[in-house]
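The values are calculated or read from the model by the stated rules, or taken from the named source; none is laboratory data. Note that this is a predicted model, so its numbers are computed, not measured. Glycine gets a Cβ as well: all are built from the backbone with ideal geometry, and neighbour counts include every protein chain shown.
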Amino acid sequence: MIVNTARFVISNSDVAKCPSDNKHEYAFIGRSNVGKSSLINMLTNRKDLAKTSSTPGKTLLINHFLVNDSWYIVDLPGYGFARRNKEGRAEIGRIIKSYILNRRQMTNLFLLIDSRLKPQKIDLDFMEWLAENEVPFSIVFTKLDKMTSTAGKKAIESYLSFLLEQWEALPPIFRTSSEDKRGRNEILDYIEEMNKLPLDDVDAGE
Ligand code: GTP
Ligand code: MG
C-alpha cells in the first residue's frame, strides 16, 4: 500500500469520544519506549506525526491518525512505565483496556516487543489477557537495527519458541526497525488486506 496522506485527528482518554465514523483502525501498543510512536512515523513516512521521546511515557492518550482518508492508526500509551506512580499506571491501564474491549472499529492490535529483550512478564500477561478476551493481535518485533542480523534472528526464534511452549499457534509476526524501515511493506500490506474485510466480519467481539 502507498501512504499518500496521514494526519492527526484527535487525542483523548475516553473511548466514547474517539472518531465515530465507521473506518477500520489499527492500534499500536507495548511497553513504554518500545518504539510505538517511531513505528507509526515510519509507516506513514512522517518524521513527527506521532510524538517520540527517549524518555518513556511520552504518549499519554489515545491518538487517532487518519491515513489516506480511509483508515486510522491509533497510538496508545505504553504500559508498565515504572516512573509513573501506581495510580497513574492504573489509570493508563484502564484507558487502554477500555479502548481495546469497546472499540468496535479496531481491526487488529499490533503488540510491539523490543527484539533485544528476553520475554518479559508484563508482555506475556498482556498477551494472555488479549487471548482471553479474543482480541485479534499481531506481534511486532522492534529495533532490529540495534542487533546483527544473526543475533536478531536468534532472539526472535527463541522468543517464539518460548511462546510456543504455552500456545498452540502464533499470531502473525512482523520484524521491524524504524531506523532502516524494514517490515514497513509487510505491515502495510497486511493492513491493506484487512481493510478489504467488512467491519462487521472482523469484529470478533460481537
Ligand atoms: P511511549 O510513548 O513513551 O510509550 O514510547 P514509544 O513506545 O512511543 O517509543 P518511541 O517511539 O517514543 O521511541 C522510544 C525511543 O526508542 C526513541 O529514542 C526512539 O528514537 C527509539 N527507537 C524507536 N524505534 C527504534 C528503532 O527501530 N531503532 C532504533 N535504533 N531506535 C528506535
Ligand atoms: Mg509513544
_Checking the condition assigned to a strand (DSSP E or B) and within 14 Å of residue 30 (Cα to Cα), which residue from 66, 111 passes?_
111
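Yes/no matrix, rows are residues, columns are (1) over 23 Å from residue 80 (Cα atoms); (2) of a type in the set (Gly, Ala, Ser):
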{"residue": "117", "(1), (2)": "no, no"}
{"residue": "134", "(1), (2)": "no, no"}
{"residue": "152", "(1), (2)": "yes, yes"}
{"residue": "162", "(1), (2)": "no, no"}
{"residue": "193", "(1), (2)": "yes, no"}
{"residue": "197", "(1), (2)": "yes, no"}
_Matching residues, segment 13-40, being among the polar types (S, T, N, Q) and either touching a Ser or Thr at 6+ places or on another chain (Cβ under 7 Å) or more than 16 Å from ligand 1 (Cβ to nearest atom) (or both)_ = 20, 22, 37, 38
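For the structure I just gave you, tell me whether residue 188 is hydrophobic (A, V, I, L, M, F, W, C), out of contact with any strand residue (DSSP E or B) (no Cβ under 8 Å at 6 or more places or on another chain) and farther than 22 Å from residue 124 by Cβ. Can you show your working first?
Working: hydrophobic (A, V, I, L, M, F, W, C): yes; out of contact with any strand residue (DSSP E or B) (no Cβ under 8 Å at 6 or more places or on another chain): yes; farther than 22 Å from residue 124 by Cβ: yes.
So residue 188 fits the description; yes.
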*Can you tell me how many residues in segment 3-55 are of a type in the set (Lys, Arg), under 20 Å from residue 120 (Cβ atoms) and outside any strand (DSSP E or B)?*
1
*What are the residue pairs meeting all of these: first residue in segment 24-44, first residue in contact (Cβ under 8 Å) with a residue 60 or more places away in the chain and more than 9 Å from ligand 2 (Cβ to nearest atom), second residue part of a helix (DSSP H, G or I) and of a type in the set (Lys, Arg), Cβ atoms under 7 Å, and 6 or more apart or on different chains?*
29/36; 30/36; 42/184; 43/184
*Qualifying residues in segment 159-185 (those that are free of Cβ contacts under 8 Å to residues at least 24 places away in the same chain and not in a loop (DSSP other than H, G, I, E, B)) - the one farthest from residue 28 (Cα to Cα)*: 165
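Can you report the number of residues in segment 186-197 which are free of Cβ contacts under 8 Å to residues at least 12 places away in the same chain and surrounded by 15 or more Cβ atoms within 10 Å (Cβ to Cβ)?
0
Regarding residue 130, is this residue surrounded by 15 or more Cβ atoms within 10 Å (Cβ to Cβ), at pLDDT 95 or above and touching a Gly at 6+ places or on another chain (Cβ under 6 Å)?
So residue 130 does not fit the description; no.
When you scan segment 19-34, how many residues do you find that are under 22 Å from residue 192 (Cα atoms) and surrounded by 21 or more Cβ atoms within 10 Å (Cβ to Cβ)?
Going through segment 19-34, the residues under 22 Å from residue 192 (Cα atoms) turn out to be 19-29.
Narrowing the set further to residues that are surrounded by 21 or more Cβ atoms within 10 Å (Cβ to Cβ) leaves 25-29.
Number of matching residues: 5.
Going by the structure shown, is residue 98 touching a residue at least 12 places away in the same chain (Cβ under 8 Å) and under 28 Å from residue 45 (Cβ atoms)? Step through it out loud before you land on a result.
Values: touching a residue at least 12 places away in the same chain (Cβ under 8 Å): yes; under 28 Å from residue 45 (Cβ atoms): no.
Considered against the rule, which asks whether it is touching a residue at least 12 places away in the same chain (Cβ under 8 Å) and under 28 Å from residue 45 (Cβ atoms), residue 98 comes out as no.
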*When residues of segment 58-80 are filtered for being at pLDDT below 75, within 13 Å of ligand 2 (Cβ to nearest atom) and surrounded by 19 or more Cβ atoms within 10 Å (Cβ to Cβ), how many remain?*
1
